[in-house]
Amino acid sequence: MSPHEPVRRLHWEACYNVRDLGGYVTVGGGRTRWGALVRADNMSRLTPAGQSALIAYGVRTVIDLRRADELTIDLNPFATPSDHMRELTYLNLSLGLHADREGILAVKAAGEGGDASLLELFWQVLDHYWRGIAGIMTAIAAAPEGALLFHCHAGKDRTGLIAALLLALAGVPHATIAEDYALSQVCLQPIFDQRLNQEPDLASRERLARMIGAAPETMFGILAYLDERHGGAECYLRAAGVAEADLERLRLRIQE
């Protein structure tokens, strides 16, 4: 548990989209635990001061959700041996790990299709990347004591999906999960504006805006699909292969 006063957004130097998932009220009247789970964007931007702030906050495990090709472009400062490694465990676990060819192509097509929506991309990820998602959840359940941070590049979609599954498993209402997802829009708006302003073609700019945004409606659609097609987060994770003991460990990590 972090010794700091509870705060949602964590301002670690040179990262934009870092926040603690604690303090959310669950349907049972409990709350999620502060200082247990942190979601973030690309760690490669962290300055030495930002890295020290992460360690001081109590983070002892970092799970990098990016693909192998992304790791070579933006190096994670915690991936190579250093003084930090004495205190922190680094894992690279991509959502697409162990996905079959059909699944990889389906997700790729959803992301590249001219009329594809971000929501459709999420649906394909849920349907086809369940092995990778189960591996991530199992790793979170097995992580040592201390805060656990998971991140991708922007900290919005892959990170947002894992956060949503964890919060749903803890019993956090859909509206709250959607609000948490939408916070990425606020955190990343300066970067979004810069990218959109660099796109001269209007149609391309409109499609890019749909794909990089973090509208709460997108998360509501993800959660509705998760409930209607897969029976909710718990049933989805169980069917994906997450053991009952690990589901219980996840709840104990998340809930107060």
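Data overview
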{"quantity": "Total residues in segment 29-76, condition of a type in the set (Asp, Glu) and free of Cβ contacts under 8 Å to residues at least 24 places away in the same chain", "calculated": "1"}
{"quantity": "Where HIS153 falls short, out of the listed (1) buried (at least 23 other Cβ atoms within 10 Å of the Cβ); (2) under 15 Å from SER94 (Cα atoms)", "calculated": "(1)"}
{"quantity": "Lone unmet requirement of (1) touching a Lys or Arg at 6+ places or on another chain (Cβ under 9 Å); (2) free of Cβ contacts under 8 Å to residues at least 60 places away in the same chain; (3) of a type in the set (Gly, Ala, Ser) for SER184", "calculated": "(2)"}
{"quantity": "Single match in ALA143, ALA139, ALA49 (criterion: within 30 Å of PRO6 (Cα to Cα) and surrounded by fewer than 14 Cβ atoms within 10 Å (Cβ to Cβ))", "calculated": "ALA49"}
{"quantity": "Test: residue in segment 161-178 that is among the aliphatic types (A, V, I, L, M), surrounded by fewer than 20 Cβ atoms within 10 Å (Cβ to Cβ) and in a strand (DSSP E or B)", "calculated": "no"}
{"quantity": "Yes/no for ASP193 being touching a residue at least 60 places away in the same chain (Cβ under 8 Å), in a helix (DSSP H, G or I) and over 21 Å from ASP127 (Cα atoms)", "calculated": "no"}
{"quantity": "Residue in segment 203-224 that is surrounded by 20 or more Cβ atoms within 10 Å (Cβ to Cβ), farther than 16 Å from TYR24 by Cβ, of a type outside the set (S, T, N, Q) and at pLDDT 95 or above present", "calculated": "yes"}
{"quantity": "Filter result (of a type in the set (Ser, Thr, Tyr) and under 19 Å from TYR16 (Cβ atoms)) within segment 125-162", "calculated": "THR159"}
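The values are calculated or read from the model by the stated rules, or taken from the named source; none is laboratory data. Everything quoted here is computed from the prediction, not taken from an experiment. Quick reminder, even Gly has a Cβ in these numbers, built from the backbone with ideal geometry, and neighbours come from all protein chains shown.
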